Amino acid sequence: MAENVQDRLPRLLALVPWLSQRPGITMTETASHFGISIDQLTTDLYQLVVCGVPGYGPDQLVDIDFYDGERIWVTDPQTLSAPMRLTADELTAHLIALRFLSQLPGLADTEEIGILAAKLDQATANSETEIAQNILHVVSPVEPDVHYQVAEGISRGVKIGFEYLAGDESVTFRTVSPIRVLRVDDYLYLEAMCDHAEAIRLFRLDRIRGSHLLVDQVTTLTPAGQGLQADSSDSNGLEAIKMAPTATIRLSESALWLAEEYWIHVDPEDPMVVKVPFLSEDWLIRWVLGFGGAIRVIEPPEIAERLLNTIRVGLDRLQS
């Protein structure tokens, strides 16, 4: 199978500075370090020696001596002598991704992530940019005990008990069989079989209080719940939330691009009509308003009515 260019290009860019710091290194050592065969390394080196700056005469090309088939010397690296460096934007993106991984209960090696994040923090501090070293949490803050209890409940297959603060500020006690953790927008959710509802429910981790393991109660899952547990590869959440309600939305021409979003389901009989999964009515209303009239809620009717009332209230305030 031909090698993907996205895999080969970073290696080619890394080869010249790496070889420049190790004059006379053997072909075998180099191939072993980069995890490729001698033949592939030879192909890479032949390609590098025909790369250079505009003009492309012999004195503008990278010059590497490897023709005896034993050792490698870089005699003229041209502009490829410096190791690649992450840009400020790339550093920030990697740090945010690491922060997110570190917040997933039971789904990450937090020690290794911490070590890598510290190295990137140091690289950021040494750069000329003014990016803050302490990148903020990329999801809502969750109590450390909740992280631990959820991770233990998932890994050990036991139930968890906790108090749950609902969106209307009411507090209920729940006993659940945890399945997995999902991320939706800026929140982490525990997907679990709730004993009270006798169905799979989603619980925002930042709204869980006083969680504790029920070590003497093994998790009880329905066949549907077991199927969801077996497929834990989806970390985005919306695509995998089979139980989430949906709203029927009609798109205008300017919002037709929404039909291409993977988490939105298009009506096969009318491409202008889509179904949008949502976890709270408040989120859905804010989301619809954000399109400035380019989309319209058809169903559920109660949400469409709430949306109209919200618009009327906003207009009244603007006119007063």
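Bear in mind that the values in this text are calculations on the coordinates, not laboratory data. Since the structure is predicted, the reported quantities are computational estimates derived from the model, not experimental observations. Please note: Cβ atoms are built from the backbone with ideal geometry, for glycine as well, and neighbour counts cover all protein chains shown.
What number comes out for the charge environment of CYS194, summing +1 per Lys or Arg and -1 per Asp or Glu over other residues with Cβ under 11 Å away? Net charge around CYS194: 0. Seen from a random direction on average, the alpha-carbon convex hull of segment 246-319 projects onto 5.0 square nanometres. In the calculated pair distance distribution of segment 5-76, what percentage of Cα-Cα distances lie above 22 Å? Value for segment 5-76 (Cα pairs over 22 Å): 16 percent.
Taking other C-beta atoms within 10 angstrom as a stand-in for reagent exposure, PHE34, PHE203, PHE278 fall in the order PHE34, PHE278, PHE203, fewest first. With the alpha-carbon atoms of segment 266-307 aligned to their principal axes, the span from lowest to highest coordinate is 28, 20, 17 Å, starting with the largest. Count the net charge of all other residues whose Cβ sits under 15 Å from the Cβ of VAL53, scoring Lys and Arg as +1 and Asp and Glu as -1. Summing Lys/Arg as +1 and Asp/Glu as -1 gives -3. In a simple Cβ point-charge model (Lys, Arg +1; Asp, Glu -1; nothing else charged), segment 246-319 has a dipole of about 340 debye relative to its Cα centre. Counting neighbouring beta carbons within 10 Å and listing from fewest to most, the residues HIS147, HIS94, HIS33 come out as HIS33, HIS94, HIS147. The residues ASP267, ASP216, ASP206, when put in order of fewest to most other Cβ atoms within 10 Å, stand as ASP216, ASP267, ASP206.
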